[in-house]
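Okay, structure first, notes after.
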Amino acid sequence: MSTAPPAPGSAPTGTPADSAGKPAESEASAATDTPQSEPPARSPAETRELVEAIEWLFFAYRDFTSDPDEILHEYGFGRAHHRVIHFVGRHPGITVADLLNILRITKQSLSRVLKELVGQGYIVQKTGTKDRRQRLLYLSDKGMEMERRLAGPQRERVARALATAGPDAQKAWCAVLAHLVNEDDRRAVEALISNGYVS
């Protein structure tokens, strides 16, 4: 049952009023009025540098994905299919649960993509040996061929960029991207990248 709002000027139920008839400020409400930590003050030049760095990331990602997008179109697939093919190729035998944790998409979305990739013979599902409830995912020969086609242009684009940017570009690239990953996830992501299979 809903309750009516307090009349103007009256104290809400359970809140003591002061001598003027106004609600006394509780410790909890006082705490909510405490200013939150402000982002560090930046000069206009620093702000501009940040905006430009973000826009470079946008345009780089746009063109980085454009090459495989054309290939995916031939198959009638999209970027979600590409991500699944990539991580199953990098981690043969990965479980559906682990793949969900990497991609951070809904179970329904992954099920739809897997149904298409399995149904068309790009991914093979096997039952877990220790836990028969698990589904372990592998690329078929057909899937490995598609993975090579999709990865090739992206590897070449990144190789050209690193070579042009200079000898320290690789370390700087990885350092910046690592710090863009949420801090709580960074160690797990680093381990995942380091332990992946490279064909």
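Loop-located trypsin sites (Lys or Arg not before Pro) across segment 126-199 with a Cβ neighbour count of 14 or fewer within 10 Å are Lys130, Arg132, Arg133, with loop assigned by DSSP.
Roughly what percent of Cα-Cα pairs across segment 69-177 reach past 18 Å? Everything past 18 Å amounts to 55 percent. Accessible surface of segment 117-199, 1.4 Å probe: 54 percent of it comes from carbon and sulfur atoms.
Taken about its Cα centre, segment 157-199 carries a charge dipole of roughly 260 debye when the Cβ of each Lys and Arg holds +1 and the Cβ of each Asp and Glu holds -1.
The values are calculated or read from the model by the stated rules, or taken from the named source; none is laboratory data. Computed from a prediction, not measured in an experiment: that's the story for all the values here. Neighbour counts are summed over all protein chains in view; Cβ atoms, including those assigned to glycine, are modelled from backbone coordinates with ideal geometry. Note: accessible area is taken over every heavy atom of the protein model, side chains too, but ligands, DNA and RNA are not part of it. Shrake-Rupley method; radii C 1.70, N 1.55, O 1.52, S 1.80 Å.
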